[in-house]
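What follows draws every value from the coordinates through simple rules; no lab data is involved. Because the structure is a prediction, the values reported are computed rather than measured. We place every Cβ from the backbone using ideal geometry, glycine too, and count neighbours over all the protein chains shown.
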């Protein structure tokens, strides 16, 4: 990832490009290339305290001032209510994202590099800022002033909250900051003459987060700074600033070793990729995919839903797992993730939980979580052998039985006549299109859901193969009979002859059938075992292409429908409606491309034409990351998580499986 002067030479260009660093355990640093924060969630050190529902922004940013030749140069950038000040983005000559974010500031003959990274697998969450004077005819002096927020990442603190911050300096030179119920630390490391700390508290008020323009919340923030550190640099010298949530003590040698280890980690990840990692899209996707896997030594590995949401969701995990782990050569991580979720299901009488909350508690509410788990298990089996499936065959079978007997999964049962999975809408029964505004469902769905039954057919087909491999021929015959019944019922119940497409849902109780064109039918032709014969499958694919395809994903609703809302704009409730009534999702595009290649084998160039537009997107927004969803109409602006597990995972999967 490289950006030149022309990419960041205005405030607008500099803040539309964001970067992310993370520690592999859920803490992160997230800001813009220009250095100005534009979202609530931006900050150099953002952590989730134990037992907390929300991440906390501890350290918001750093203000840097360079003194040289009796002149003062402010390298930072802020957006206030009425102006942009300072405008340090003007000094950025280039930005490089490998191995971690690095900006080069050029002031006449002074070349100062600023790099940001997070140590991995440490007990303390910390962000390291490295300053390296690459060139200068004379020594320079640098003032570094950290700004602290100590607030949750979903809103700013009220201006009149009575916040009182205090700071104290330890004997080792570390500065402790207490305020708003949190503590954080800043320390400095430099050879030779070290760093001088000056205690000069200041409030920075009326900073604007323009990208967090939520109608019922303030976007003006107040940040507190206890003072600043001062150090001198000669050409070739470096200094480090360490921001942490607990006291740490690192020498220059320690930090250089940590920097080397972090760099090697990203290099090793790139080398593990089975596809052509010289392709820039693949390089960017692989490197940023690292942030979406929590792989600390103290807990089981996990897929994080994205940033800034940072949640553990079953459906997101299993959709994203093949791309984030198997396509990037991390099969061991994939196995650990599958094992940990299966263990949670065992603890819940083989009902796959849907989400793991901030307390580590599992909650079951998604009707398709178990089916997506079996999809991911099949992908792992196809890539890594059947040892895992054979070992847990009884557990897999128990998951299937939960759907067959309707005992345990909220509001879910299997129809005895059709053998299709049926749901009744309830507070705890959720498909991926679940959502409401003021109690009104965004998408009304009930009875047989098309994508759930495509997954059900796929799971039964997979189980037939696992039963055969274990020598359980009686069960294999039973699964074979179920597959045949489900496939016959699927076509009979869902096929809409007049539209040459599939009903989105069918209620067997009322006879109601939903003719609205939504993208869920794509799973009937994209999963490893399609639920439709080829002729009807091609018709479904053609409708998706003609009515739902956009540059960055499949729309969630036919654009000709009266409720179509293709842009995330207007009031908060209107943006929420757009999410499932017109916005386009890249994870669905992955399944669309798989279906395209199934019906057009060998058409690799055309397949890549669906991927190439992301090469531009990856250089805007969160650099290297694919957003959660996009406008369904021009100008196709991104929304949701700036880097999404399901988007990232599906792009990597389809490149590896279908386009390599």
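Only Cα pairs under 8 Å and at least 6 apart count here; give the relative contact order of segment 2-250 as a rounded whole percent.
Numbers: 639 pairs, mean separation 51.7, N = 249.
21 percent.
According to the Kirkwood expression over distinct Cα-Cα pairs, how big is the hydrodynamic radius of segment 2-250, in Å? If you can, show how the numbers build up before the last one.
Details: mean 1/r = 0.0549 Å⁻¹.
Evaluated over segment 2-250, this radius sits at 18.2 Å.
When the Cα centres of segment 1-32 and segment 191-261 are compared, how far apart do they sit, in Å?
After rounding, the separation between the Cα centres reads 17 Å.
Cα axis of helix 645-654 to longest principal axis of the chain: angle in degrees, 0 to 90, nearest 10?
The angle comes out at about 60 degrees.
Given only helices, namely DSSP H runs of n ≥ 4 each adding -39500 (n - 2.57), what is the per-residue ellipticity at 222 nm of the chain, to the nearest 500 deg cm²/dmol?
-9500 deg cm²/dmol
Quick one: what do you get for segment 268-659 if you divide its Cα Rg by 2.2 N^0.38 Å?
Output field value: 0.92.
On a 0 to 90° scale, report how tilted helix 393-405 is relative to the longest principal axis of the chain, with both axes built from alpha carbons and the result rounded to the nearest 10.
The two axes meet at around 70 degrees.
What is the chain's relative contact order, in percent, from Cα pairs under 8 angstrom and six or more apart in sequence?
11
Can you work out the FRET efficiency for the pair residue 473 and residue 359, with r the C-beta to C-beta distance and R0 = 35 Å, to the nearest 0.05?
Efficiency for this residue pair is about 0.20.
Over segment 268-659, what is the relative contact order in percent, taking alpha-carbon pairs closer than 8 angstrom and at least six residues apart?
Worked out over segment 268-659, it gives 17 percent.
So if we plug the beta-carbon distance of residue 405 and residue 440 into 1/(1 + (r/R0)^6) with R0 = 30 Å, what FRET efficiency do we get, rounded to 0.05?
Taking R0 as 30 Å, the efficiency between residue 405 and residue 440 is 0.35.
Applying a 10 Å radius around every beta-carbon, put 397-405, 505-513, 587-595, 600-608 in order of their mean neighbour count, most first.
For the peptides 397-405, 505-513, 587-595, 600-608, the packing ranking is 587-595, 397-405, 505-513, 600-608.
Round to the nearest 10 and give me the degree value, 0 to 90, for the angle of helix 369-384's Cα axis relative to the longest principal axis of the chain.
The answer is roughly 80 degrees.
For segment 65-132, would you read off the P(r) tail past 15 Å as a percentage of all alpha carbon pairs? Before the final figure, lay out each step's value.
Details: 1403 of 2278 pairs.
Within segment 65-132, distances greater than 15 Å cover 62 percent of Cα pairs.
Computed FRET efficiency, Cβ-Cβ of residue 545 and residue 234, R0 35 Å: what is it to the nearest 0.05?
About 0.05, to the nearest 0.05.
Compute log10 of I(q)/I(0) for segment 143-275 with the Debye formula, placing one identical point scatterer on every Cα and leaving out solvent, at q = 0.11, 0.13, 0.15, 0.19 Å⁻¹, to two decimals.
-0.56, -0.73, -0.88, -1.08
Evaluate Rg over Rh across the chain, taking Cα atoms for both radii and Kirkwood's formula for Rh.
Answer for the chain: 1.00.
Ranked from highest to lowest mean number of other Cβ atoms within 10 Å per residue, what is the order of the peptides 239-248, 409-418, 264-273?
239-248, 409-418, 264-273
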